[in-house]
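For reference, the structure is listed below as structure tokens.
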Amino acid sequence: MPTGTSTPPLDPAGETTVQPRSWPGAFWTRRVCLVPTWRGWIVIILMTTVVFVYAFRHMGEFLTVRDPLPGGVLVVEGWVPPYVARETLDEFQRNHYLGIYVTGGPIEEENPYFGYQSYANLTATKLREMGAPAGLVHTVPAPFVARDRTYASAVTLKRELQAEGVSAATINVVSVGPHSRRSRLLYEKAFGSASRIGMIGVPARDFEIGQWWKTSAGFRTVVSEFIAYLYARLVFHPE
């Protein structure tokens, strides 16, 4: 036989016997594992940095959604600034909607607009003053909630539309740019698969969305909205 080879032992009957494996070999086995060299680590770090920088720079654009759907109900979140209310009225006049529905929770006592009682009443009043047909502006104030206010407003709107017998097949929501992606997600959770949610994110005026990281207002808004969006996407589940 060739030198260096061995054959399994034979039993008295001339048959090959199988040696039992030791107990470590019964539970563990060896595998070859590839690890990067120092050049490989440099490539990995460079690629990771490029992806991170790209995602960071485009975070504001990702959060700002403008994807309206034809017809249906036009909704504006009552806490938005006046220029967003003006854009809402312009959108209503450009396209055919069943009406403008204004959502929003109670106004805090220390707020100078406390007399309006709710953000829904505040922005509905502004819309009428801007020339919106009074009969087509509907106020939908939401109850006070400590968190998930956008979702609470969406649920309140859904109940209001059901009570009025208004179709909720198509909903177009107007909000401030970086808040718009989270708003659409929460409206989709509130209304369910029976409704299509369009989104009109009006760009914020206190910072440039393409260079949001260059101002404190932009950095604060975009980062906080991104974290809030991740919470709504990954953690928040309607009760």
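The values are calculated or read from the model by the stated rules, or taken from the named source; none is laboratory data. All values derive from a computational prediction rather than experimental measurement. Virtual Cβ from ideal backbone geometry, glycine too; neighbours counted across all protein chains shown.
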Requested in this report: Specify the residue that is nearest to the chain's Cα centre (by Cα); the eligible residues are those in the range 41-62 that are closer than 23 Å to Leu185 by Cβ, of a type outside the set (A, V, I, L, M) and part of a helix (DSSP H, G or I).
Outcome: Phe62
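Just checking, does the range 115-125 include any residue being under 17 Å from Val202 (Cα atoms) and either surrounded by 20 or more Cβ atoms within 10 Å (Cβ to Cβ) or touching an Asp or Glu at 6+ places or on another chain (Cβ under 8 Å) (or both)?
yes
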Query - Any hit, the range 27-34, residues being loosely packed, with under 10 Cβ neighbours inside 10 Å and modelled with pLDDT of 85 or more - result: yes
Requested in this report: Could you tell me which residue of the range 140-163 is surrounded by the most Cβ atoms within 10 Å (Cβ to Cβ), considering only residues that are polar (S, T, N, Q) and closer than 15 Å to Lys189 by Cβ?
Outcome: Ser153
Report task. Would you tally the residues in the range 78-107 being in contact with a helix residue (DSSP H, G or I) (Cβ under 7 Å, 6 or more places away or on another chain) and either in a strand (DSSP E or B) or among the charged types (D, E, K, R) (or both)? Result -> 5
Query raised in the report: When the residues of the range 195-239 are filtered to those that are over 18 Å from Arg149 (Cβ atoms), of a type in the set (Lys, Arg) and part of a helix (DSSP H, G or I), which remaining residue is nearest to the chain's Cα centre (by Cα)?
Result: Arg220
Requested in this report: Return a yes/no flag: does the range 200-208 have any residue that is crowded, with 19+ Cβ neighbours inside 10 Å, among the β-branched types (Val, Ile, Thr), modelled with pLDDT of 95 or more and closer than 14 Å to Phe62 by Cα.
Outcome: yes
Report summary line: Selection over the range 102-140 where residues are touching a residue at least 12 places away in the same chain (Cβ under 8 Å) and among the hydroxyl-bearing types (Ser, Thr, Tyr) yields a count of 5
